[in-house]
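Input: a single structure, listed below in structure tokens.
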Amino acid sequence: MTGSTFTQTPCYTLGDWNNKATVRVRKDDYRLPEDLEQQLLSKGWFPPTFIPYIQHPLIQASGRSVAQRLEANHLVYFLDYTTLLEHRIVNRSVETIAHGELAVTIPNMMKTAALQLYTDEGYHALFSHEVAEQVAAIYDIDDRQTPRRIDRLLGMIDTISPADRPLAWFLMGFVSETIIAKELLAITCDSLVSTVYQMLRNHLEDEARHSRYFGEVFQFFWTALAPTQHDQAARMLLEIIELYFEPDVPWLMRSLASVGFDEQSSFQIIADFLQPDAHSQRLRSGAVSTFAAMKKARFFDNEHHRQLFSQAGLIDG
């Protein structure tokens, strides 16, 4: 690897971490509210933007209790996924920065921020687990298998040679931390159970700083990578981004079965959600910050890389 040159001096920090990071300044215990039953008369468990199938006529005709249970299922699934993602994917990615596994000299401030980010993610995993356990207990949700995306990401690592795995780990963290769910930033305390709302807001405030940091670090490493490594990294990025937006159909089917829908009805409910156009729209919208960081690093200046992503339908030609 070689050194990096920038037209502007990057920060490589998480800003005023001691006074802004949730783990440092928030005192929330993330216990569900005492007036939960009252809140559930008008509030939900999970932002409906991210579970569009909830609006399907078959679910709406089944009554609010069915929709509410499906929201709870999705929240527990999302929080279990978050706990595993933070520990097994993102923090493993951060280790490649903090411990110099990518064979490039790491600026001290970048290393310090990596260790701060590692701490953030450990706390995110903790409060995600705590809230998931409470909601799962209310609804007796006990079929909590490892989310398919986690298995697929870890499975990808197993196919890569040990020498190339640090690069793959780093890219997985980069994609994860730059996929910012912008729609969640628009939620209000009137739409969700108060504990869930506060948890998501606190998490997202941290993640906004993580996204900026990983965008800068990606630019640093992309410039430092030898040209011969660029094509390999581009192929890895394409596979990783697609994996992050692959729906977990087996889990969706189990969730719908838990409220009494048979296989035929379940496939009918999620049919629109699984359409290629819908998938492409979710990917393009969800990965907009990822693509912006790649563009800033001049990733798409390479014609081969641009065609690779264009042919996959991830960007316009």
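The values are calculated or read from the model by the stated rules, or taken from the named source; none is laboratory data. On a predicted model such as this, the values are computed, not experimentally measured, just so you know. With ideal geometry, Cβ positions are generated from the backbone for all residues, glycine too; neighbour counts draw on all protein chains shown.
Overview of results
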| item | result |
| --- | --- |
| Residues of the range 24-58 that turn out to be touching a His at 6+ places or on another chain (Cβ under 8 Å) and either in a loop (DSSP other than H, G, I, E, B) or at positive phi (or both), as a count | 3 |
| Qualifying residue in the range 99-108 (condition: at positive phi and either buried (at least 19 other Cβ atoms within 10 Å of the Cβ) or aliphatic (A, V, I, L, M) (or both)) | yes |
| Looking only at the range 252-302, and only at residues there that are of a type in the set (Asp, Glu), part of a helix (DSSP H, G or I) and without any contact (Cβ under 8 Å) to a residue 60 or more places away in the chain, the one that is farthest from Ile180 (Cα to Cα) | Glu263 |
| Where a residue in the range 24-40 is β-branched (Val, Ile, Thr) and its partner, wherever it lies, is in a helix (DSSP H, G or I), with Cβ under 7 Å and at least six apart | Val25/Asn19 |
| Residue within the range 251-272 that is surrounded by fewer than 18 Cβ atoms within 10 Å (Cβ to Cβ), under 21 Å from the mean Cα position of the chain (by Cα) and either closer than 26 Å to Asp316 by Cβ or not aliphatic (A, V, I, L, M) (or both) present | no |
| Number of the condition not met by Ala67 [criteria: (1) small (Gly, Ala, Ser); (2) surrounded by fewer than 20 Cβ atoms within 10 Å (Cβ to Cβ); (3) without any contact (Cβ under 8 Å) to a residue 24 or more places away in the chain] | (2) |
| Among (1) free of Cβ contacts under 8 Å to residues at least 60 places away in the same chain; (2) outside any helix (DSSP H, G or I); (3) farther than 29 Å from Arg144 by Cα - the single one Leu314 does not satisfy | (1) |
| Hits in the range 78-106 (condition: in a helix (DSSP H, G or I) and out of contact with any helix residue (DSSP H, G or I) (no Cβ under 6 Å at 6 or more places or on another chain)) | Phe78, Tyr81, Leu85, Arg88, Glu95 |
| Selection count where residues are of a type in the set (Asp, Glu) and within 30 Å of Arg69 (Cα to Cα), scope the range 134-175 | 4 |
| Pairs, first closer than 13 Å to Ala103 by Cα and surrounded by 19 or more Cβ atoms within 10 Å (Cβ to Cβ) in the range 217-237, second modelled with pLDDT under 95 and of a type in the set (Phe, Trp, Tyr), C-beta under 9 Å, six or more apart | Phe220/Phe6; Phe220/Tyr12 |
| Residue that is modelled with the highest pLDDT, among those in the range 139-193 that are of a type in the set (Ser, Thr, Tyr), surrounded by 13 or more Cβ atoms within 10 Å (Cβ to Cβ) and over 19 Å from the mean Cα position of the chain (by Cα) | Tyr139 |
| Test: residue in the range 217-226 that is at pLDDT below 95 and outside any helix (DSSP H, G or I) | yes |
